[in-house]
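Student: Have a look at this one before I ask anything.
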Amino acid sequence: MQHDPSRTSYYVGDEFYQSLVDSYADWQTDDSEITDPALRDTCRMLLDKEARLLDQNRLDDWLTLYVPECLYWVPATPHGGDPRTEIAVCFDDRRRIEDRIYRLQNEYAWSQRPLSRTARLITNVSAFSTKDPDTLMVRSTFLTNEFQAGDKRSYTGWYGHKLGFQNGGWKILVKQVNLIDCDQNLRNLSIIL
Amino acid sequence: MTPDDSFTSGITRPTGAQFDFNELIFEDRVHQSIYTEEAIFREEMRKVFGGVWVYLAHESQIPENDNFVASQLGLRPIIVVRDSTGRIRALYNRCTHRGSTVCRQQQGSAKSFVCPYHGWSYFNSGKISGVPWPDGYADDFSDPKYNLAQVPRVQSYRGFIFGTLNPDMPSLEDYLGGVKKPLDDWLDRHPGGKLSFCDANRLKFNGNWKLLYDNSADGYHVIFSHRSLLAMENRLNEADDEDKGMSYYKSSPDNAPFYVKVFENGHHYKDKRPAVDTSPGGLWAIEGPHPGMEHYEAIIRDKLGDKAGSVLDLASSEPVNINIFPNLHILGNHVQVSQPVSLTETDTTWWGTAVIDDKDELHGCVDAVNALRMRTQESFPNFGELDDLMNFEQIQAGLAGVEDEWVYMHRGLGIPDRIKRDTDGYLIGPPTDEVFLRETMQVYKRLMMNEPNLVIGREIEAAPD
């Protein structure tokens, strides 16, 4: 690899943005839904594992589920929007995800002291094929319950995972988090959704 | 509260002096009750949010005639609309008939608003256009009392729309006074001196709205509240890299060359530019890491050569805090708006801004600048503001210990020669000084000790303000 995406961000450019916008447009079609239970179960296992690692606060292990040039994206508009011209709730490339993890592990991140406890539910998992046999799109519905500073709250919506088949297994290329209240004022969203 | 205290009818009545603000606000300290008393909050929604010019919306949110955007003036639901003749109005979102909101969308375009309950309809000027089966009424609805109520005074300053219900307020420009200069400077660093809004990081906290205003020019908290952010932004630095982000607050900021300045009417300004290199490319050099940074920097440098620095600076955070009382903050590239929700709940919306380059002053690089600028703007709301908001929530929690009555803001007070006046007569203090807070509290105290004369408009053709 020419550049280490943990240290520099060369991959987030016009081509990346265009491919992102294209791959998140009109992908949930009945024709492309995957009916093979084994493949769908593979996707479901990956999502379940991701939720478990996040609930266990194993953030470094969680990141190993992602390719090096990955994206964690929480749009601020219900349609996803175009991140080149719109602010997102979160738009983290590899380096910024590592920033986020670094900060969450820093004892002076007051919004996460004490650390939140979370319990995530993931359901309604549907996988969709793309033109590229080594790329899948997965839709799931999530409910993330959070206990933070004496208060219980929840986030809900649906995930759009873009998965790539690399080195004999499926990895996460992009995780899009569509909160049902993404365009509303949110209180202390400091956990990773 | 009795129904007579209600301000939501659009007609306000004094509640009588329940609190003596001479006993609550002193030069060095304020009483905890201004953050914890429901009755004081209710008075603020009239005497501050209504009594002074309050920021409502930005013109880039309603670029065309018939565009509207939802807003609030205090707790009053407001539709800010550019009516069919192009005039910007702030209509009460309240049907004259029985009180229902007539517009339930956040933003859009409409020539008229129709109440979903009984179908009364209004032009977007606020004038009533019709009611179903009018022959059931003895009157003909030509009386302006049936028009939507509206904020009688709405004025813009360089795209920022404000409204007040108080006919005794000076003009908006006079109200802004000295803070116009830093606002002008902030706008004028962009091509054409203008910007457009491009969605927002929307946050909220369980605390009183003043906790946010108290923080807005506070240089004392930075290295403590934002300790994790400062560490994060500098974690990848090489030995010869410049310190990133707000590192100029480290060690002894009071000996650094930046300052806080206090204007009239509760406005203030933290100018951090003297602490950084502002020659072309200087701001970019201290930006922390952001998605796409190296990619777009390489393209812009390749294209523009030695002109690249000033263009990259437009994707960088401008090191100023411009605070316009009571609810508007310009910082970095953000337009941050605070909105009281209740005594102990406040929304704070960090509008992102994009560069507009009609005349190609950026030599074809505007899209790259904006793609970078979106990402630089997402950083602070994600990694800085959340820690402040937690601290505000924890102030609100701490203030429940009501017998411990006082909140202190006397840093800098009584130290000879620490606070000076500039040639315009405005107070200037070192970056960590609480002089901005003391002065704002005196403005607040005067407002709270006087009952303003608040009025609403109904007359559609009233002379423009």
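Student: Would you pick out the residues in the range A:22-37 that are touching a residue at least 12 places away in the same chain (Cβ under 8 Å), part of a helix (DSSP H, G or I) and either within 14 Å of another protein chain (Cβ to nearest Cβ) or under 11 Å from A:Ser126 (Cα atoms) (or both)?
Tutor: Filtering the range A:22-37 for residues touching a residue at least 12 places away in the same chain (Cβ under 8 Å) gives A:23-24, A:27-29, A:32-34.
The next check asks that each one be part of a helix (DSSP H, G or I); those that pass are A:23, A:32.
Of everything in the range A:22-37, just one residue is touching a residue at least 12 places away in the same chain (Cβ under 8 Å), part of a helix (DSSP H, G or I) and either within 14 Å of another protein chain (Cβ to nearest Cβ) or under 11 Å from A:Ser126 (Cα atoms) (or both), namely A:Ser32.
Student: Which one is farthest from the other protein chains (Cβ to nearest Cβ) among residues in the range B:238-273 that are surrounded by fewer than 19 Cβ atoms within 10 Å (Cβ to Cβ) and modelled with pLDDT of 90 or more?
Tutor: B:Glu264
Student: What about B:Asp174, is it within 26 Å of B:Phe325 (Cβ to Cβ), surrounded by fewer than 16 Cβ atoms within 10 Å (Cβ to Cβ) and away from chain A (no Cβ under 14 Å)? Talk me through it step by step, then tell me what you get.
Tutor: Numbers: within 26 Å of B:Phe325 (Cβ to Cβ): yes; surrounded by fewer than 16 Cβ atoms within 10 Å (Cβ to Cβ): yes; away from chain A (no Cβ under 14 Å): yes.
Here the answer is yes, as B:Asp174 does meet what is asked.
Student: Check off (1) within 24 Å of A:Ala88 (Cα to Cα); (2) among the charged types (D, E, K, R); (3) not in a loop (DSSP other than H, G, I, E, B) for B:Glu393 and give me the number that stays unchecked.
Tutor: With (1) within 24 Å of A:Ala88 (Cα to Cα); (2) among the charged types (D, E, K, R); (3) not in a loop (DSSP other than H, G, I, E, B) applied to B:Glu393, the lone miss is (1).
Student: Right, something else. Any chance the range B:353-366 includes a residue that's farther than 30 Å from B:Glu233 by Cβ, assigned to a strand (DSSP E or B), at pLDDT 95 or above and of a type in the set (Ser, Thr, Tyr)?
Tutor: No: zero hits.
Student: I need the full set of residues from the range A:1-21 which are among the aromatic types (Phe, Trp, Tyr) and assigned to a loop (DSSP other than H, G, I, E, B), in order please.
Tutor: Of all residues in the range A:1-21, those among the aromatic types (Phe, Trp, Tyr) come to A:10-11, A:16-17.
Listed by number, the residues that qualify are A:Tyr10, A:Tyr11.
Every residue, every condition in (1) more than 20 Å from A:Pro133 (Cα to Cα); (2) touching a His at 6+ places or on another chain (Cβ under 8 Å); (3) in contact (Cβ under 8 Å) with a residue 40 or more places away in the chain, yes or no:
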position: A:Leu20; (1), (2), (3): no, no, yes
position: A:Leu39; (1), (2), (3): no, no, yes
position: A:Cys43; (1), (2), (3): no, yes, yes
position: A:Glu50; (1), (2), (3): yes, no, yes
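Student: For the range A:74-96, state whether one or more residues are over 19 Å from A:Gly160 (Cα atoms) and hydroxyl-bearing (Ser, Thr, Tyr).
Tutor: Checked the range A:74-96: at least one residue is over 19 Å from A:Gly160 (Cα atoms) and hydroxyl-bearing (Ser, Thr, Tyr).
Student: Which condition from (1) of a type outside the set (Val, Ile, Thr); (2) in a helix (DSSP H, G or I); (3) surrounded by fewer than 17 Cβ atoms within 10 Å (Cβ to Cβ) is the one that A:Leu54 breaks?
Tutor: (3)
Student: Could you please let me know if A:Arg94 is at pLDDT 95 or above, within 14 Å of chain B (Cβ to nearest Cβ) and over 13 Å from the mean Cα position of the chain (by Cα)?
Tutor: Details: at pLDDT 95 or above: yes; within 14 Å of chain B (Cβ to nearest Cβ): yes; over 13 Å from the mean Cα position of the chain (by Cα): no.
The answer is no for A:Arg94.
Student: Please specify each residue of the range A:82-96 satisfying the condition of being assigned to a loop (DSSP other than H, G, I, E, B), surrounded by 20 or more Cβ atoms within 10 Å (Cβ to Cβ) and of a type outside the set (D, E, K, R).
Tutor: A:Pro83, A:Ile87, A:Ala88, A:Val89
Student: Only one of (1) within 25 Å of A:Ser140 (Cβ to Cβ); (2) outside any strand (DSSP E or B); (3) touching a residue at least 60 places away in the same chain (Cβ under 8 Å); (4) touching a Pro at 6+ places or on another chain (Cβ under 8 Å) is not met by A:Glu69, so which one is it?
Tutor: The number of the failed condition is (2).
Student: Here's something else I'd like to know. Scanning the range A:97-134 for residues that are under 24 Å from A:His3 (Cα atoms) and without any contact (Cβ under 8 Å) to a residue 12 or more places away in the chain, which turns out surrounded by the fewest Cβ atoms within 10 Å (Cβ to Cβ)?
Tutor: Quick first cut of the range A:97-134, residues under 24 Å from A:His3 (Cα atoms) only: A:97-103, A:134.
Within this subset, residues satisfying the condition of being without any contact (Cβ under 8 Å) to a residue 12 or more places away in the chain are A:99, A:102-103.
Working: A:Asp99: 23, A:Tyr102: 17, A:Arg103: 24.
This residue is A:Tyr102.
Student: Something else: When only residues in the range B:286-297 that are surrounded by fewer than 24 Cβ atoms within 10 Å (Cβ to Cβ) and under 12 Å from B:Ser317 (Cβ atoms) count, which is nearest to the other protein chains (Cβ to nearest Cβ)?
Tutor: Within the range B:286-297, the match that is nearest to the other protein chains (Cβ to nearest Cβ) is B:Glu287.
Student: Would you confirm whether any residue within the range B:362-373 is basic (Lys, Arg), touching a Gly at 6+ places or on another chain (Cβ under 7 Å) and more than 25 Å from B:Gln72 (Cα to Cα)? Before you say what the answer is, go through the steps one by one.
Tutor: Initial filter on the range B:362-373 (basic (Lys, Arg)): B:373.
Then keep just the ones that are touching a Gly at 6+ places or on another chain (Cβ under 7 Å); that gives none.
Within the range B:362-373, not a single residue is basic (Lys, Arg), touching a Gly at 6+ places or on another chain (Cβ under 7 Å) and more than 25 Å from B:Gln72 (Cα to Cα).
Student: Condition test on B:Pro326, is it farther than 30 Å from A:Glu69 by Cβ and outside any loop (DSSP other than H, G, I, E, B)? Walk me through how you get there before you give the answer.
Tutor: Values: farther than 30 Å from A:Glu69 by Cβ: yes; outside any loop (DSSP other than H, G, I, E, B): no.
Spelling it out, it is not the case that B:Pro326 is farther than 30 Å from A:Glu69 by Cβ and outside any loop (DSSP other than H, G, I, E, B).
Student: Sticking with this structure for a sec: If only one of B:Leu399, B:Leu372 is aliphatic (A, V, I, L, M), more than 30 Å from B:Asn255 (Cβ to Cβ) and within 12 Å of another protein chain (Cβ to nearest Cβ), which one is it? First the steps, then the outcome.
Tutor: Details: B:Leu399 fails: within 12 Å of another protein chain (Cβ to nearest Cβ).
Only one candidate qualifies: B:Leu372.
Student: When you check B:Thr346 against the structure, is it touching a strand residue (DSSP E or B) at 6+ places or on another chain (Cβ under 9 Å) and not in a loop (DSSP other than H, G, I, E, B), yes or no?
Tutor: Details: touching a strand residue (DSSP E or B) at 6+ places or on another chain (Cβ under 9 Å): yes; not in a loop (DSSP other than H, G, I, E, B): yes.
When the stated conditions are applied, B:Thr346 passes them.
Student: Give the number of residues within the range B:298-316 that are touching a residue at least 60 places away in the same chain (Cβ under 8 Å) and within 14 Å of another protein chain (Cβ to nearest Cβ).
Tutor: 4
Student: While we're on this one: Only one of these is over 17 Å from the mean Cα position of the chain (by Cα) and more than 14 Å from every other protein chain (Cβ to nearest Cβ): B:Leu165, B:Leu211. Name it.
Tutor: Working: B:Leu211 fails: over 17 Å from the mean Cα position of the chain (by Cα).
On inspection, the qualifying residue turns out to be B:Leu165.
Student: Just one of B:Glu43, B:Glu64 is assigned to a helix (DSSP H, G or I) and either of a type in the set (D, E, K, R) or in contact (Cβ under 8 Å) with a residue 12 or more places away in the chain (or both); which is it?
Tutor: Result of the check over B:Glu43, B:Glu64: B:Glu43.
Student: Another question, if that's okay. Taking the options B:Glu318, B:Glu297, B:Glu287, name whichever one is under 30 Å from B:Leu56 (Cβ atoms), at pLDDT 90 or above and outside any strand (DSSP E or B).
Tutor: On inspection, the qualifying residue turns out to be B:Glu318.
Student: Does B:Asp214 count as of a type in the set (Asp, Glu), at pLDDT 95 or above and either outside any helix (DSSP H, G or I) or surrounded by fewer than 24 Cβ atoms within 10 Å (Cβ to Cβ) (or both)?
Tutor: Yes: the conditions hold for B:Asp214.
The values are calculated or read from the model by the stated rules, or taken from the named source; none is laboratory data. Values in this document were obtained by computation on a predicted structure and should not be read as measured data. FYI the Cβ positions are ideal-geometry reconstructions off the backbone, even for glycines, and counts take in every protein chain you see.
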